[in-house]
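One structure is given below, encoded as structure tokens.
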Amino acid sequence: MSYATLQSLNDQFGEEAVRGASDRDEDGVADTGVIERALALADGIIDSRIGVKYKLPLDLVPDVLISYAGDIAFYLLSGSPAQLTDEKRVRYTDALKWLDQIASGKAVLDGVAAPKTKTAVGIRMIAGEHEFTRSNLRGIL
């Protein structure tokens, strides 16, 4: 399941911008393979971070996660330095910072089931009956 889609990218950045960023063969048409690859890479980046706290795949994907997935994918679509703007770079780094906050527990995904919690693990020692007591050592000591 992809967090962002071609349609969500078009809604977020505009169809012309997405087409321009993904048109590697310069035929005026968005290259869907390039877009799918960027979306898959964005999903991998997101899963590697939120998977630390949340069970994947998510049952519900919050809008904020779709937006950040779009920011990551759009950054990854920037195939040349001319396409890589400061705005894209800032949006990408902001997305990564937010994902790291999710992973560290400083932020949560609204509407998503409670994060994974670690269970307490300990050692319990149980002793058997005493072999040496005052009564059975009487006369030895």
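The values are calculated or read from the model by the stated rules, or taken from the named source; none is laboratory data. Keep in mind the model is a prediction, meaning the values are calculated, not measured. Please note: Cβ atoms are built from the backbone with ideal geometry, for glycine as well, and neighbour counts cover all protein chains shown. Surface areas here come from the heavy atoms of the whole protein model, side chains and all, with no ligands, DNA or RNA. Shrake-Rupley method; radii C 1.70, N 1.55, O 1.52, S 1.80 Å.
Normalised per residue, the accessible area of the range 1-92 is 54 Å², obtained with a 1.4 Å probe and no contribution from ligands, DNA or RNA. Once the C-beta distance of LYS55 and VAL108 is scaled by a Förster radius of 22 Å, the resulting FRET efficiency is 0.95 to the nearest 0.05. Segment ARG134..GLN101, full-extension length gain: 5.9 nm, with 0.36 nm per residue of separation and the alpha-carbon distance subtracted.
The aspartates and glutamates whose alpha-carbon is closer than 19 Å to the alpha-carbon of LYS97, local same-chain residues fewer than 8 away aside, are ASP43, ASP47, ASP63, ASP71, ASP86, GLU87, ASP110. Give me the percent of accessible area attributable to carbon and sulfur for the chain, probe 1.4 angstrom. It is 53 percent, rounded to a whole number. Determine which residues of the range 34-49 fall in the zone a paramagnetic label at SER2 would reach in this model, i.e. backbone nitrogen under 17 Å from the point 7 Å along Cα→Cβ. Residues passing the 17 Å test: 34-47. Which number comes out as Rg/Rh for the range 1-99 once both Rg and the Kirkwood Rh are worked out on C-alpha atoms? Dividing the radius of gyration by the Kirkwood radius yields 0.97.
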